[in-house]
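**Student:** I'd like to ask you about the structure that follows.
The numbers here are math on the coordinates, done by the rules we state, and not lab data. Just so it is clear, the structure is predicted and the values come from calculations on it, not from any experiment. Quick reminder, even Gly has a Cβ in these numbers, built from the backbone with ideal geometry, and neighbours come from all protein chains shown.
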Amino acid sequence: MLHRLLITLAGCCVIGVALLELRRQRLELLHDMASLHLEMDRQRKATWDLQYRIVEETSPPRLLAALDRLQIPTRPVPGEAGEPTPMPAVPVPASNATHTRVGGSPR
């Protein structure tokens, strides 16, 4: 009888130690996960700051000033300031002239 009680007690101790180890591993993983989330937030903020700096540096007035400083000539983009956009004359192929019905057969 005492033998069974000692085996049961030893088994409960082993299970208790295993549960404590699992709990420790879980807490360690949660800590690591929180650290990774903080690092991801830092990197995301750094990316947003870089994107903002790129937008500031490539604004049209700054680009024009840089082009003037480098003496690179500029010309207006077609279609701006009320200019008509030149459209190339492209003939429509005859195969596009026939229309098809919903069922797929020509009219």
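**Student:** What does the extension gain come out to for ILE15 and VAL55, with contour length at 0.36 nm per residue minus their alpha carbon separation?
**Tutor:** Here the segment from ILE15 to VAL55 would lengthen by 8.5 nm.
**Student:** Still on this structure, I have one more. Could you give me the percent of Cα pairs per 10 Å distance bin for segment 2-72, shortest bin first, beginning at zero and ending with the bin that holds the maximum distance?
**Tutor:** Cα pair-distance distribution for segment 2-72, in percent: 16, 17, 14, 13, 11, 9, 7, 6, 4, 1.
**Student:** Here's something else I'd like to know. Given 0.36 nm per residue, what is the gain on full extension from LYS45 to HIS31 after removing their alpha carbon distance, in nm?
**Tutor:** Result: 2.9 nm gained on full extension.
**Student:** So, counting K/R as plus one and D/E as minus one, what does the shell of residues with Cβ under 11 Å around ASP49 add up to? Don't skip to the end; give the middle numbers.
**Tutor:** Working: positive: ARG42, ARG44, LYS45, ARG53; negative: GLU56.
Neighbourhood net charge equals +3.
**Student:** Placing +1 on the Cβ of each Lys and Arg and -1 on the Cβ of each Asp and Glu in segment 2-72, which of GLN71, GLN43, GLY16 has its Cα farthest towards the positive end of the resulting dipole?
**Tutor:** GLY16
**Student:** Related question: Roughly how many debye, to the nearest 20, is the charge dipole of segment 1-73 about its Cα centre, given +1 on each Lys and Arg Cβ, -1 on each Asp and Glu Cβ, and no other charges?
**Tutor:** 300
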